[in-house]
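None of the figures in this text is laboratory data; all of them are computed from the coordinates on show. Nothing here was measured: the structure is a model prediction, and the numbers come from that model. Here the Cβ positions follow ideal geometry from the backbone for every residue, glycine too, while neighbour counts run over all protein chains shown.
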């Protein structure tokens with residue numbers, strides 16, 4: 001799971017599955033540090049994916065209500 005694209009998709013899947021997760025929890029699942037999670041969240045936001053955050057000690061990341069990751073279609077070589 002070391003490919004950044006795989007990690008971005010994993011973040012989306014985790015947020016859809018759990019509703020919200022802390023940066024610490026995401027970092028543990030991805031085996032990266034919290035700063036890397038923040039970079040990935042910024043990358044998702046730059047792609048117009050509505051990842052929101054709650055600030056503070058108990059803050060979490062979550063997808064804007066109603067957002068669903070569209071189905072992904074890959075070819076045989078992908």
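When you look at residue 44, is it under 14 Å from residue 65 (Cα atoms) and part of a helix (DSSP H, G or I), yes or no? No: the conditions fail for residue 44.
Quick check on residue 16: is it part of a helix (DSSP H, G or I), surrounded by 10 or more Cβ atoms within 10 Å (Cβ to Cβ), in contact (Cβ under 8 Å) with a residue 40 or more places away in the chain and in contact with a strand residue (DSSP E or B) (Cβ under 7 Å, 6 or more places away or on another chain)? Show your work before the answer.
Details: part of a helix (DSSP H, G or I): yes; surrounded by 10 or more Cβ atoms within 10 Å (Cβ to Cβ): yes; in contact (Cβ under 8 Å) with a residue 40 or more places away in the chain: yes; in contact with a strand residue (DSSP E or B) (Cβ under 7 Å, 6 or more places away or on another chain): yes.
Against the criterion (part of a helix (DSSP H, G or I), surrounded by 10 or more Cβ atoms within 10 Å (Cβ to Cβ), in contact (Cβ under 8 Å) with a residue 40 or more places away in the chain and in contact with a strand residue (DSSP E or B) (Cβ under 7 Å, 6 or more places away or on another chain)), residue 16 qualifies.
Screening residue 49 with (1) surrounded by fewer than 16 Cβ atoms within 10 Å (Cβ to Cβ); (2) assigned to a loop (DSSP other than H, G, I, E, B) gives one miss only, at (1).
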